[in-house]
Amino acid sequence: MTITDFASRYLITCEALSSTKEAFAFNGFERAFRDFGMPRAIRTDNRVPFSSPMSLFNLSKLSVWWLRLGIAIERIKPGNPQQNGRHERMHLSLKQEATKPAGDNMQQQQGKFDDFIEIYNNERPHQGIDMKVPADLYARSPREYRSLQELNHPFHDKTITVRASGRICMGKMKIHLSTVFAGQNVGVKQVEENIWPNSQLADS
């Protein structure tokens, strides 16, 4: 998993993970947010764990968490890696210098990544930033990481917790949203008798 700062090209995180499962990504991003502050936006591709093609708005549990933290999501168009060109260029250097040959195990590979981070951020000049090193330009985000507070929707008629199945239930009515919202409180508003078309996940 890799995270870079767009403006300075500073490589914030480069972690060797055994899986693309969301749980691993959650831990990595939480550490980065605690150490470096939170960004105003995150740009990603459309793959797991950043996106879920079968869910509402292609959201994943990870991207729902970002939205609740107040982080905007910027997704590149599928098949257009040049829209995230700075990050992809870093990936090319990373693969060439830290994975050939690869480490014999996860610990050795992480050591290679750590060495790459040090050189990339502090020793190697970058042409795109006037031959400076990223550490010369990088500044920590002033947005401090805070754990999520429980969602409340005082301007809606009901606040309902999404079940593990991805549904909200009101009496006999069962409405499917997505499993990526499981455990989240959503606000619903009645507009006519037995009609509840509006729901809201964002903080009120």
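Just so it is clear, none of the values below were taken in a lab; they were calculated from the coordinates. This one's a predicted model, so the numbers in the text were calculated from it and none came from an experiment. Because the Cβ atoms are built from the backbone with ideal geometry, glycine has one as well, and the counts that use them run over all protein chains shown.
List of remarks:
- Efficiency of FRET from Cβ geometry, Met106 and Thr13, R₀ 22 Å, rounded to 0.05: 0.90
- Once both labels are positioned 7 Å from their Cα atoms along Cα-to-Cβ, the gap between Gln190 and Lys95 label points is 5.7 nm.
- Listed peptides 5-18, 159-172 by packing density, highest first (mean Cβ within 10 Å): 5-18, 159-172
- Column: log10 I(q)/I(0), Debye, Cα scatterers of the chain, q = 0.11 Å⁻¹: -0.63
- Rg of the Cα atoms in the stretch 36-149, relative to 2.2 N^0.38 Å, amounts to 1.25.
- When peptides 49-55, 130-136 are ranked by their average number of other Cβ atoms within 10 Å per residue, the highest-first order is 49-55, 130-136.
- Here each label is just a point 7 Å from Cα along the line to Cβ, and for Thr2 and Ala23 those points are 2.7 nm apart.
- Only aspartates and glutamates eight or more places from Lys95 in sequence, or on another chain, were considered; those with a Cα closer than 14 Å are Glu15, Asp114, Asp115.
- Prolate/oblate/rounded call for the stretch 13-63, Cα gyration tensor, a/c under 1.5 rounded: oblate
- Selected from Glu22, Glu30, Glu118 as most flexible by GNM, with the chain as the system and alpha-carbon contacts under 10 Å: Glu118
- Between helix 22-36 and the chain there is an angle of about 70 degrees, using the helix long axis and the longest principal axis of the Cα atoms.
- Helix axis angle, 85-98 relative to the chain longest principal axis, alpha carbon, degrees: 50
- Each 5 Å bin from 0 upward holds the following percent of the Cα-Cα pairs of the stretch 1-87: 3, 13, 25, 28, 22, 8, 1.
- Cα centroid separation - the stretch 1-16 against the stretch 43-90, whole Å: 15
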